[in-house]
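The values are calculated or read from the model by the stated rules, or taken from the named source; none is laboratory data. Since the model is a prediction, treat every value here as computed from it, not as a measurement. Here Cβ is always computed from backbone atoms with ideal geometry, including for glycine, and neighbour counts include all displayed protein chains. These accessible areas exclude ligands, DNA and RNA; they are computed on the full protein's heavy atoms, side chains included. Shrake-Rupley method; radii C 1.70, N 1.55, O 1.52, S 1.80 Å.
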Amino acid sequence: MILLTNNPYDRKLVMAVGKVPNRILKRSVVNLLKCPPRTGIDAASFAVGDIHVLTACATGLTDCAIAPETAVYKAANNIWVSGGELLGIEASFMLPKNYNEYNLKAYTKRVKAACDKCKTTLAGGHTEVTDGVKRFCISVAATGIAGTTPVNIHNVKPGMDIIVTKWIALEEAAMIVSNEDNMAKLCEHFSNEYMSVTGQYADWLTVRDEAAVAMKHGVAAMHDISEGGIFTALWDFAEGSGCGFEVDLKRIPLRQETVEIAEFFHLNPYTMKSSGSIIIACDNGTDMVNALNEEGIPAVIIGRTTDNNGKILRNEDEIRYLDKM
């Protein structure tokens with residue numbers, strides 16, 4: 001085991017809570033692998049004859065009330081945005097000492113219900129009590145198949161339309177309002193009726209339907225918007241494809257309730273967790289948006305890919321470059 005010392009350089013290696021930055025992933029993970037993953041690709045792929053097996057994983061901590069569900073949805077979403085068919089879910093539970101069996105059973109039922117919503121099965125997993133964790137941790141692995149080469153970031157070319165489905169920041173907003181204290185604070189400032197729609201946010205976190213529509217209408221690539229929000233997803237999309245982009249900030253879809261929640265808790269909606277929303281790149285964005293809308297799925301073109309490395313965000317006459325994520 002390698003331990004950090006009191007050397008000042010070692011202390012610089014300590015990582016902050018949250019999604020590990022790409023520069024660290026490349027330096028300490030990707031560069032060590034013989035066949036490394038590529039930024040912007042959501043699922044690993046293995047060819048077995050003419051079939052491509054897809055795998056994806058996600059984690060959650062149960063200090064968030066909807067963590068079991070979001071972990072299942074995230075893993076499943078990564079299979080769907082790769083153009084795959086979801087075959088099954090495995091869930092591993094790491095339990096702190098003296099954990100209550102009643103709670104274990106309750107969380108298992110919720111994972112099972114999330115699998116049912118994804119129209120798949122909870123195929124197995126692992127359950128362990130350990131003094132290595134202080135909170136209930138869940139790790140979810142999803143398995144799928146694709147009959148052809150999976151849809152991925154390699155297919156993106158300059159000049160393609162960039163589409164975002166539904167609304168960004170739904171996931172983190174849903175996590176916030178799932179906490180009774182947070183909801184009570186919000187209802188002191190906004191009416192119960194106004195905030196009631198946020199109770200549906202957790203039901204909008206799967207992307208099975210929009211991925212299926214995209215696959216039928218000429219999608220080049222899809223990318224799940226999750227940890228780090230839309231800004232991180234756009235950065236990953238550009239890095240993985242080798243294209244730049246120009247995006248109209250005002251066209252990025254946000255629900256007004258989410259804006260209020262973000263302002264109330266001093267959060268940036270463009271960096272909030274956004275499972276349930278995906279980026280789609282394609283040649284004819286108007287046709288794709290129309291096809292999605294016909295299926296009742298909100299979608300909007302927010303910009304286009306470019307033939308350079310520029311990551312440009314336009315806000316009316318103001319132009320800014322997306323900071324390195």
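Only protein heavy atoms count here; under a 1.4 Å probe, Lys119 has an accessible surface of about 140 Å². FRET efficiency for the pair Asn98 and Thr148, taken as 1/(1 + (r/R0)^6) with r the Cβ-Cβ distance and R0 = 51 Å, rounds to 0.55. Extension gain for Ile24 to Asn182 (0.36 nm times residue separation, less C-alpha to C-alpha distance): 53.5 nm. Measure out, as a whole number of angstrom, how far apart the alpha-carbon centroids of the stretch 137-188 and the stretch 262-283 sit. Distance between centres, Cα-based: 8 Å. Rolled with a 1.4 Å probe across the full set of protein chains, the surface gives Leu25 an accessible area near 60 Å². Springs join every pair of Cα atoms under 10 Å in this Gaussian network model of the chain, and among Leu254, Leu234, Leu86 the largest mean-square fluctuation is at Leu254. Along the stretch 312-323 the Karplus relation, 6.51 cos²θ - 1.76 cosθ + 1.60 evaluated at θ = phi - 60°, assigns HN-Hα couplings of 9, 10, 9, 10, 6, 8, 8, 10, 9, 9, 5, 5 Hz to successive residues, with x for each Gly and Pro. Accessible area per residue for the stretch 40-146 is 49 Å², calculated with a 1.4 Å probe on protein heavy atoms, without ligands, DNA or RNA. Calculated mean residue ellipticity, 222 nm, the chain: -9500 deg cm²/dmol, from DSSP H runs (n ≥ 4) at -39500 (n - 2.57) each, averaged per residue and rounded to 500. Among Val48, Ala169, Ile301, whose Cα projects farthest towards the positive end of the dipole of the chain, with charges put on the beta-carbon of Lys, Arg (+1) and Asp, Glu (-1)? Projecting each Cα onto the dipole axis, the largest value belongs to Val48. The largest accessible area among Leu267, Leu313 belongs to the first residue in Leu267, Leu313, and the rest follow in falling order (1.4 Å probe, all chains). Accessible surface for Lys74 stands near 20 Å², nearest 10, in the context of the full protein assembly shown (1.4 Å probe).
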